[in-house]
Amino acid sequence: MSAHTFEPVRSDTCTPSRAARELSFLRGEFDLAVQLGHVRTVPDEGGGGGRLVERAEIDRLRAQDGFPDTLRDRVRVVGTTDGAELMDISAGRFTRLARLGLLVPAKVYVNRYGAVVWLYLTEELKHFAAVTENTHLLKGRTPETLRGQLAEGVDLRARNWRMRQLGCLLRQAEDPWARAGALAALLPPVEVADVVEDPYERAWVNRLRPALPGQTLAGTSFAHIAERITTAQDADEIEWLRSDLAHSVEEARALSPAPRPAVRRTRPTTRPTARPIPPLAHTVTAPVEPVPTPVEPTETTAESRAATAEPMAEAAEPTSGTVKLRRISGGHAPKPRHAPERRHVPRVRPAPSPVLRPPGSGHTPPRSTRPLRAWLRRGTARPAAEVRDPAVAPGRQPATGT
């Protein structure tokens with residue numbers, strides 16, 4: 001079995017949901033009873049991070065007289081209107097007494113319209129109305145000093161609610177580090193970082209920092225309202241929390257330092273002794289002679305060579321008579337040493353360009369493409385053309401004299 005496996009929940013404890021069912025509580029009523037100290041809890045040793053209720057505590061509460069009505073009456077809460085009716089005063093006077101800090105709210109929530117709703121314990125309201133010293137606050141004109149504080153805008157409902165929550169968290173804390181986390185839950189993160197400068201100690205305090213009920217609204221449109229309620233706002237309140245936090249951290253540091261990451265000690269590695277590198281061998285590379293690349297004759301080269309041969313043939317023709325061609329005997333011309341092999345390229349004659357003639361000039365026979373034959377034909381005599389009399393009609397013989 002692995003050493004990291006969580007141990008099963010002990011048989012002499014039960015979860016908060018099961019304890020609420022056995023005590024006939026709603027879950028909200030059970031949480032309020034735990035905050036007020038009516039139901040004692042123990043930390044979860046299995047590693048879950050929550051709290052459990054011992055079986056002996058459940059048996060003790062069930063054995064009380066009037067169970068479960070007497071236990072539920074202790075956690076019953078009412079709003080402003082019901083609380084004013086319970087104390088037999090107006091809702092406005094009830095609100096003024098709550099703002100002056102004379103009535104301490106036990107729960108708070110933000111409704112769907114963004115309004116803050118404060119809830120008060122009926123047991124505390126009945127006790128306040130039954131005290132004789134509070135009669136002048138319930139009947140008659142409000143004292144001048146209290147009216148001056150109300151005119152200045154005093155509202156201690158959020159601060160009194162935070163002090164009630166802090167008292168509940170300090171009761172559940174079992175060591176100085178847990179008390180430091182409870183105090184840090186009411187301070188802004190900037191103030192906590194200013195008091196706890198060591199990053200490892202600050203991380204440990206933030207890990208033990210519990211979440212207040214109003215902080216569940218984080219990330220909603222009413223997050224700024226919840227932050228104003230759950231975080232200390234007054235300068236004297238912030239200073240008092242900072243002082244207590246610094247004292248708790250100093251006490252916790254002396255008792256058990258905050259956990260830190262283990263330092264890994266690595267053995268120094270022995271580097272091999274450097275050896276000199278042998279010099280590279282000096283090599284001489286002979287220059288490489290370029291190899292001639294044979295060039296194949298293209299079609300343009302063949303045409304230009306043929307065009308050059310035509311005027312030479314014309315110059316070799318005789319002026320008159322029959323032309324006789326003879327081959328010069330002799331050896332062949334020596335070929336170049338590295339001459340490339342010639343290939344037969346067919347001769348392509350360029351097409352004659354068209355000649356533009358004016359209209360009505362008649363058809364002119366195309367000029368012969370062989371000038372040698374035309375020149376030979378000019379040397380032969382043509383028969384004389386017959387002279388015709390224009391006066392003689394065609395087909396008739398001219399008249400002769402007798």
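The values are calculated or read from the model by the stated rules, or taken from the named source; none is laboratory data. These numbers were taken from a predicted model, which means no experiment stands behind them. All Cβ positions, glycine included, derive from the backbone under ideal geometry; neighbour counts span all protein chains shown.
A quick yes/no check of all residues on (1) modelled with pLDDT of 90 or more; (2) small (Gly, Ala, Ser); (3) in contact with a helix residue (DSSP H, G or I) (Cβ under 6 Å, 6 or more places away or on another chain):
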| position | (1), (2), (3) |
| --- | --- |
| Ala130 | yes, yes, no |
| Glu133 | yes, no, no |
| Gly153 | yes, yes, no |
| Arg162 | yes, no, no |
| Gln172 | no, no, no |
| Ala182 | yes, yes, yes |
| Leu187 | yes, no, yes |
| Ala226 | no, yes, yes |
| Ile229 | yes, no, yes |
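Table: residues versus (1) more than 28 Å from Glu227 (Cα to Cα); (2) surrounded by fewer than 15 Cβ atoms within 10 Å (Cβ to Cβ); (3) outside the structural domain of Gln233 (by TED's automatic domain parsing); (4) without any contact (Cβ under 8 Å) to a residue 12 or more places away in the chain.
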{"site": "Asp59", "(1), (2), (3), (4)": "yes, yes, yes, yes"}
{"site": "Thr70", "(1), (2), (3), (4)": "yes, yes, yes, yes"}
{"site": "Arg96", "(1), (2), (3), (4)": "no, no, yes, no"}
{"site": "Asn111", "(1), (2), (3), (4)": "no, yes, yes, yes"}
| request: Read through the list (1) hydroxyl-bearing (Ser, Thr, Tyr); (2) surrounded by fewer than 18 Cβ atoms within 10 Å (Cβ to Cβ); (3) not in a helix (DSSP H, G or I), then give the number of the only condition that Tyr120 fails. | output: (2)
| task | Kindly provide the set of residues from region 156-188 that are among the small types (Gly, Ala, Ser), assigned to a loop (DSSP other than H, G, I, E, B) and under 39 Å from the mean Cα position of the chain (by Cα), ordered by number. | result | Ala185
| Tyr120 vs. criteria of a type in the set (Ser, Thr, Tyr) and under 43 Å from the mean Cα position of the chain (by Cα) | no
| request: From Arg40, Arg27, Arg18, grab the single residue that is closer than 20 Å to Ala211 by Cα, under 46 Å from the mean Cα position of the chain (by Cα) and among the basic types (Lys, Arg). | output: Arg27
| request: Go through Gly148, Gly92, Gly153, Gly140 for me and flag whichever is farther than 26 Å from Ser221 by Cβ and not in a helix (DSSP H, G or I). | output: Gly140
| task | Please state which of the following conditions Leu32 fails to meet, knowing it meets all the rest: (1) surrounded by fewer than 16 Cβ atoms within 10 Å (Cβ to Cβ); (2) under 46 Å from the mean Cα position of the chain (by Cα); (3) closer than 21 Å to Gln165 by Cβ. | result | (1)
